Amino acid sequence: MPTRKVVIIGSGPAGYTAAIYAARANLAPLMFTGLQSGGQLMLTTLVENYPGFVDGIDGPVLMETMRKQAERFGTDMIAEDVASVDFSTRPFTLQAEGATYQADTVIIATGASAKMLGLAEERELMGRGVSTCATCDGFFFKDQNIMVVGGGDSAMEEALYLSRLGRKVDVVHRRDSLRASKIMQERAAKNPRINFLLDSVVDAIGDTKAGKVTSVDVRNLKTGQVTTHLVDGLFIAIGHVPNTALFRGQLELLPNDYIKVVPGTTQTSVPGVFAAGDVADHTFRQAATAAGTGCMAALEAERFLEALQR
Ligand code: NAP
């Protein structure tokens, strides 16, 4: 197979934006969309904070639109997961479904996955009351009862953000002490709308029949007592895992496993390999920021290829 100028791994907002830019620069990008294409926005319903859609847009519809836009300019798509990469020499080598591909530049946009509790109802009610992003979905729970799961900084941040919107916010944490930084803990503790349910776990989420969250059963681990809380929104904030297992040993990763990039760029520790979106961003994690860095990665890949020809 001929060496591709640009190969993109991942098909969230970062990957598609990189594809649109690379394709319009005549670089004929090849994109591995993954078996489950579209990234985290496939797990949400209405997206109201992505610019350009006055009335919002459904997450999966937004991703399909981005896909069509990338295809329109000539992106080749392969609906497979990349099995392994070798970035030790250029052209870089990628293996997928038994075939070998070579690339002068690679843009990694494999994203991060929100950790989930593992309850059956959780997936079913995702985007229907269950969320992993307060900034994205908090607005839908104005003056309603909200529950946040987790005891880290993310959970405190989500709870504080949601306390400005909801009627009350219960924070459920599995231990008797929080993991969050002292300052975040203090802010949450001082907030009259935030209430803590410690030593507690979520046992069940109602109501899949109604197709929306109406209640959450919380079990106290010390007493065994299960209490049903009437709740409209359940925010899971128990951390994210960057999808970087494929790149371990090939690229420099940060201690938290996100890809290390030169600040203000998408350049990784290997010249010619760029990282965009959540896979290299544990701070903002927004579709709009992912699209922005996807654009940067394509422009940086283009410049890298130009420099090779000089
Ligand atoms: P985290 O620090 O790893 O905290 C995850 C929390 O979720 C922990 O309290 C953990 O409980 C709980 N948890 C994990 N798995 C669980 C499960 N299956 N069921 C129930 N609870 C579970 O993750 P994070 O809060 O996303 O933060 C990640 C990093 O980003 C941290 O370094 C954090 O400081 C940083 N961050 C900073 C800010 C800020 O400064 N503004 C904001 C967000 C994140 P245990 O405590 O029992 O392990």
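Points 7 angstrom from Cα along the Cβ direction at Asn49 and Thr3: gap in nanometres?
4.2 nm
Between Ala189 and Leu119, how many nm apart are label points set 7 Å from Cα along the C-beta direction?
Placing both labels 7 Å along Cα→Cβ, they lie 2.7 nm apart.
Which far-off residues, 5 or more places away or on another chain, put their amide H under 5 Å from the one on Ser113, with H placed in the peptide plane?
For Ser113, the qualifying residues are Val241, Asn243.
Over the chain, average the accessible area per residue using a 1.4 Å probe and give it in Å², no decimals. If you can, show how the numbers build up before the last one.
Numbers: 14990 Å² over 310 residues.
That works out to 48 Å² for each residue.
Only residues of region 107-139 count here: report those whose backbone N is under 17 Å from the spot 7 Å along Cα→Cβ of Thr228, or say none.
121
Which value in deg cm²/dmol, rounded to the nearest 500, describes the helix-derived mean residue ellipticity at 222 nm for the chain, given -39,500 (n - 2.57) per DSSP H run of n ≥ 4 and division by the residue count? Provide the component values of the computation, followed by the final result.
Details: 7 runs with 78 residues, N = 310.
Mean residue ellipticity, 222 nm, calculated: -7500 deg cm²/dmol.
How much FRET efficiency would the formula 1/(1 + (r/R0)^6) give for Leu308 and Lys68, where r is the Cβ-Cβ distance and R0 is 35 Å, rounded to 0.05?
After rounding, the FRET efficiency stands at 0.70.
If you stretched the chain out fully between Ala99 and Arg164, how much longer would it get, using 0.36 nm times the residue separation minus the C-alpha to C-alpha distance?
Numbers: separation 65, 0.36 × 65 = 23.40 nm, distance 5.16 nm.
18.2 nm is the gain from fully extending Ala99 to Arg164.
Count charges around Gln102 for me, please; just the other residues with Cβ under 11 Å from its Cβ, Lys/Arg as +1, Asp/Glu as -1.
+1
Give me the angle, in degrees from 0 to 90, between the Cα long axis of helix 153-163 and the longest principal axis of the Cα atoms of the chain, rounded to the nearest 10.
Helix 153-163 sits roughly 60 degrees off the main axis of the chain.
If I measure Cβ to Cβ between cysteines in the chain, which ones have no partner under 4.7 Å?
Cys295
Across region 227-241, in residue order, what do the Karplus-derived ³J(HN,Hα) couplings come to in whole Hz, using 6.51 cos²θ - 1.76 cosθ + 1.60 with θ = phi - 60° and x for Gly and Pro?
Once rounded to whole Hz, the list reads 10, 8, 10, 7, 9, 9, x, 10, 9, 8, 10, 10, x, 10, 10.
Spelling out what I want: for every residue of region 244-252, take phi, set θ = phi - 60°, compute 6.51 cos²θ - 1.76 cosθ + 1.60 (Karplus), and round to whole Hz; glycine and proline get x.
After applying 6.51 cos²θ - 1.76 cosθ + 1.60, I find 10, 4, 4, 9, 4, x, 9, 9, 6 Hz.
Under a 10 Å cutoff between Cα atoms, tell me which one of Asp86, Asp153, Asp55 has the largest fluctuation in the Gaussian network model of the chain.
Asp55
Taking the DSSP beta bridges in the chain as the whole, what percent of them are antiparallel, to the nearest 5?
45 percent
For Ile8, what residues show an amide H to amide H distance below 5 Å, using hydrogens built from the backbone and excluding near sequence neighbours?
Hits under the 5 Å cutoff: Leu30, Met31, Phe32, Ile107.
Within the chain, how many Lys pairs that are eight or more residues apart, or on different chains, come under 23 Å at the alpha-carbon?
Close lysine pairs under the 23 Å cut-off: 11.
Can you pull the one-decimal nm distance between simple spin-label points at Ser84 and Lys209, each 7 Å off the Cα toward Cβ?
5.2 nm
Could you pull out every residue, at least 5 positions away or on a different chain, whose amide H is within less than 5 Å of the one on Arg285? Hs are placed 1.01 Å off N in the peptide plane, and Pro or chain starts have none.
The list, which skips near neighbours in sequence, is empty: none.
Tell me, what ³J(HN,Hα) does each residue in region 124-136 have, in order and in whole Hz, if you take phi through Karplus 6.51 cos²θ - 1.76 cosθ + 1.60 with θ = phi - 60° and put x for Gly and Pro?
Karplus-based 3J(HN,Hα) across region 124-136 equals 4, 9, 4, x, 10, x, 8, 9, 10, 8, 5, 4, 6 Hz.
Using 0.36 nm times the number of residues separating Asn256 and Ala28, minus their current alpha carbon distance, what extension gain do you get?
In short, 78.7 nm is gained.
Let me know the charge dipole size of the chain about its Cα centre in debye, to the nearest 20, where only the beta-carbon of Lys, Arg (+1) and Asp, Glu (-1) is charged. Write down the numbers at each step before the final one.
Details: 30 positive and 34 negative charges, 112 e Å.
I would put it at about 540 debye.
For Cα pairs less than 8 Å apart in space and 6+ apart in sequence, what is the mean separation divided by the residue count of the chain, i.e. the relative contact order in percent?
Computed value for the chain: 21 percent relative contact order.
The values are calculated or read from the model by the stated rules, or taken from the named source; none is laboratory data. Not measured: the values here are computed from a predicted model. Backbone-built Cβ (ideal geometry, glycine too); neighbour counts: all protein chains shown. Accessible surface is based on the protein model in full, side chains and every heavy atom, while ligands, DNA and RNA are left aside. Shrake-Rupley method; radii C 1.70, N 1.55, O 1.52, S 1.80 Å.
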